[in-house]
Amino acid sequence: MIWLELVILLACIVVGARYGGIALGAVAGIGLIIFVFVLGAPPGGPPAAVLGMIIAVITALAALQAAGGLDYLVLLAQKVLRRNPQNITFLAPLTTYVLVAACGTQHVVYALLPVIAETARKAGVRPERPMSISVIAAQHGLIASPISAVTVAVLGLLAPLGVSLPKILMVIVPSTFIAVMIGALSVAWRGKSLEEEGISTDDAVDANSAGGELAELEGSALTRAKGSTLIFLLGIVFVVLLGIFEEMRPQYKMLVEGVQQYDQVDMAAAIMIIMLGVAGLIMIFFKASPEVAMKGSIMKGGMTAVISILGVAWLGSSFFEHNREFIVGGISELINQQPWVYALGLFTLSIMLFSQAATIVTLMPVAVAAGMSVGLLVGLYPAVNGLFVLPTYGTVLAAVSFDQTGTTRIGKYLLNHSFMIPGLVTTASAVILAMLIVSIVGL
């Protein structure tokens, strides 16, 4: 029976991923109908805390976007890139990494890619070099962000094991940051120069026509953007501080079987409360329109992620509960003795799902139940960045289209594209470095 259910599970993932968007969650619902009503599997349940945290963070990000704060951050990044054009191959992925980590979403990279391409061309640098590694840097910056959907998902799954947000970031931030720089080195001298290719660097690429250049903010719009950005960043800092200093999280009284006891606000609730509060403050004091927030790309992309995670995680939960004995007994020894199997699973499933968060909520619960050590769970986490392998992911396609020199390309054989080498180098380096840090800090 388990093999039939596994085929159904994988079929739902493949079909849902092929249709894209919310179809991943919706098609998973078909699998749930078969599991529960036909095969008699327990319904399981979606990860409520994870979904709640993601919705709260999305709300704050959508409010920031509506107030102009997201545009303000992108404008700052664009100015940094243009001031140092000769170092664009290293500066572009660094800027992209920091911006995505601060914002918790890869959506901001679409506004940076045309600027990176234009700046590289003007400086006589082959655009493929900074463009390819910047796309990879965005993926690694996402898992290093304290408020991204995938980080929230990991925290929700590992918090019961005593893993706090600072412990996760302590491993992931340095490992992914250094890995991105290693990835930049892997493409720093890649391909012929523009001069050797016979491509002119005299004419500037019109970033406005590419849809990437943002208008300068002035007057009240600039004030709103700066204020909303400050509130948002302070909210992130507060979340991190609550993770570092647990005594900062308030205690409250509760009755358990008629006996009064004290409990403490957990990190999941703290993140939801703070991020919703941040959204409220931005809307009240910086005139972020709720309607604009709902119609923005952040809310659209975020809700797509929520629906996908709802369906896939729920389907995975039902599958696991129906086959708990076999999975825990038969797989635990394998993944503990051969951790690379779990890492390969993360990498492969992320290619199929095009979502780090959906991948984590599908596979990590199985690894947790199988008794994989906390150190391995955190150390192998960067393997979830396999989204670059198939050149059909949004940021990959955007980078190809924005590079008007044609140096950033999809190869004749599909997989020999501009992103493969920096992607493999960066992801492998991140996993190795994360495992090294885990061994040093003793997580």
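The values are calculated or read from the model by the stated rules, or taken from the named source; none is laboratory data. Keep in mind the model is a prediction, meaning the values are calculated, not measured. Cβ coordinates were reconstructed from backbone atoms using ideal geometry, including for glycine residues, and neighbour counts include every protein chain displayed.
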Report summary line: Scanning segment 366-396 residue by residue, those at pLDDT 90 or above, more than 29 Å from residue 418 (Cβ to Cβ) and of a type outside the set (A, V, I, L, M, F, W, C) turn out to be 373, 375
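Sort through 64, 9, 73 and tell me the only one that's at negative phi, surrounded by fewer than 24 Cβ atoms within 10 Å (Cβ to Cβ), touching a residue at least 40 places away in the same chain (Cβ under 8 Å) and in contact with a Phe, Trp or Tyr (Cβ under 6 Å, 6 or more places away or on another chain). Reasoning before the result, please.
Details: 64 fails: surrounded by fewer than 24 Cβ atoms within 10 Å (Cβ to Cβ); 73 fails: in contact with a Phe, Trp or Tyr (Cβ under 6 Å, 6 or more places away or on another chain).
From the options 64, 9, 73, the qualifying one is 9.
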Report summary line: With criteria (1) over 16 Å from the mean Cα position of the chain (by Cα); (2) in a helix (DSSP H, G or I), residue 172 comes up short on (1)
**Report entry** Breaking point among (1) of a type outside the set (A, V, I, L, M); (2) assigned to a helix (DSSP H, G or I); (3) out of contact with any Ser or Thr (no Cβ under 7 Å at 6 or more places or on another chain); (4) modelled with pLDDT under 90, for residue 200
**Finding:** (2)
Query raised in the report: Of 99, 73, 112, 91, which residue is part of a helix (DSSP H, G or I), within 24 Å of residue 174 (Cα to Cα) and more than 19 Å from the chain's Cα centre (by Cα)?
Result: 91
Report task. State all residues of segment 329-365 that are buried (at least 20 other Cβ atoms within 10 Å of the Cβ) and farther than 21 Å from residue 140 by Cβ; if no residue qualifies, say none. Result -> 335
Query - Residue check, residue 107 closer than 24 Å to residue 416 by Cα and part of a helix (DSSP H, G or I) - result: no
Requested in this report: Considering (1) surrounded by fewer than 24 Cβ atoms within 10 Å (Cβ to Cβ); (2) over 21 Å from residue 306 (Cβ atoms), say which one residue 158 fails and leave the rest.
Outcome: (2)
**Report entry** Residues (free of Cβ contacts under 8 Å to residues at least 60 places away in the same chain, surrounded by 13 or more Cβ atoms within 10 Å (Cβ to Cβ) and out of contact with any Asp or Glu (no Cβ under 9 Å at 6 or more places or on another chain)) located in segment 243-268
**Finding:** 265
Requested in this report: Looking only at segment 11-48, count how many residues are in a helix (DSSP H, G or I), within 22 Å of the chain's Cα centre (by Cα) and not β-branched (Val, Ile, Thr).
Outcome: 10
Query raised in the report: Can you find even one residue in segment 301-308 that is among the hydroxyl-bearing types (Ser, Thr, Tyr) and either buried (at least 17 other Cβ atoms within 10 Å of the Cβ) or at pLDDT 85 or above (or both)?
Result: yes
Requested in this report: Would you be able to tell me the number of residues in segment 30-87 that are modelled with pLDDT under 90, over 30 Å from residue 126 (Cα atoms) and of a type outside the set (A, V, I, L, M, F, W, C)?
Outcome: 5
Report task. Test residue 78 against the stated conditions and say whether it is among the polar types (S, T, N, Q), under 21 Å from residue 304 (Cβ atoms) and in a helix (DSSP H, G or I). Result -> no
Query raised in the report: All but one of (1) more than 21 Å from residue 77 (Cβ to Cβ); (2) at pLDDT below 90; (3) among the charged types (D, E, K, R) hold for residue 167; which doesn't?
Result: (2)
Report task. Given the conditions (1) without any contact (Cβ under 8 Å) to a residue 24 or more places away in the chain; (2) surrounded by fewer than 20 Cβ atoms within 10 Å (Cβ to Cβ), report the number of the one that residue 400 does not fulfil. Result -> (2)
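Let's see how each residue does on (1) of a type outside the set (Phe, Trp, Tyr); (2) in contact with a Gly (Cβ under 6 Å, 6 or more places away or on another chain); (3) on the phi > 0 side of the Ramachandran plot:
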{"position": "293", "(1), (2), (3)": "yes, no, no"}
{"position": "297", "(1), (2), (3)": "yes, no, no"}
{"position": "300", "(1), (2), (3)": "yes, no, no"}
{"position": "305", "(1), (2), (3)": "yes, no, no"}
{"position": "309", "(1), (2), (3)": "yes, no, no"}
{"position": "313", "(1), (2), (3)": "yes, no, no"}
{"position": "318", "(1), (2), (3)": "yes, yes, no"}
{"position": "321", "(1), (2), (3)": "yes, yes, no"}
{"position": "326", "(1), (2), (3)": "no, no, no"}
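Of the residues 326, 319, 286, which is surrounded by fewer than 14 Cβ atoms within 10 Å (Cβ to Cβ), in contact (Cβ under 8 Å) with a residue 60 or more places away in the chain and farther than 28 Å from residue 140 by Cβ?
Values: 319 fails: surrounded by fewer than 14 Cβ atoms within 10 Å (Cβ to Cβ); 286 fails: surrounded by fewer than 14 Cβ atoms within 10 Å (Cβ to Cβ).
Unique residue meeting the criteria: 326.
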Query raised in the report: Taking segment 96-126 on its own, how many of its residues are surrounded by fewer than 24 Cβ atoms within 10 Å (Cβ to Cβ) and not aliphatic (A, V, I, L, M)?
Result: 5
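When you look at residue 407, is it buried (at least 19 other Cβ atoms within 10 Å of the Cβ) and touching an Asp or Glu at 6+ places or on another chain (Cβ under 7 Å), yes or no?
Working: buried (at least 19 other Cβ atoms within 10 Å of the Cβ): yes; touching an Asp or Glu at 6+ places or on another chain (Cβ under 7 Å): yes.
Yes, satisfied.
Could we say that residue 378 is within 16 Å of residue 144 (Cα to Cα), surrounded by 18 or more Cβ atoms within 10 Å (Cβ to Cβ) and hydrophobic (A, V, I, L, M, F, W, C) here?
Against the criterion (within 16 Å of residue 144 (Cα to Cα), surrounded by 18 or more Cβ atoms within 10 Å (Cβ to Cβ) and hydrophobic (A, V, I, L, M, F, W, C)), residue 378 qualifies.
Yes/no matrix, rows are residues, columns are (1) within 19 Å of residue 96 (Cβ to Cβ); (2) polar (S, T, N, Q); (3) touching a helix residue (DSSP H, G or I) at 6+ places or on another chain (Cβ under 9 Å):
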position	(1), (2), (3)
390	no, no, yes
394	yes, no, yes
399	yes, no, yes
409	no, no, yes
413	no, no, no
417	yes, no, yes
426	yes, yes, yes
431	no, no, yes
440	no, no, no
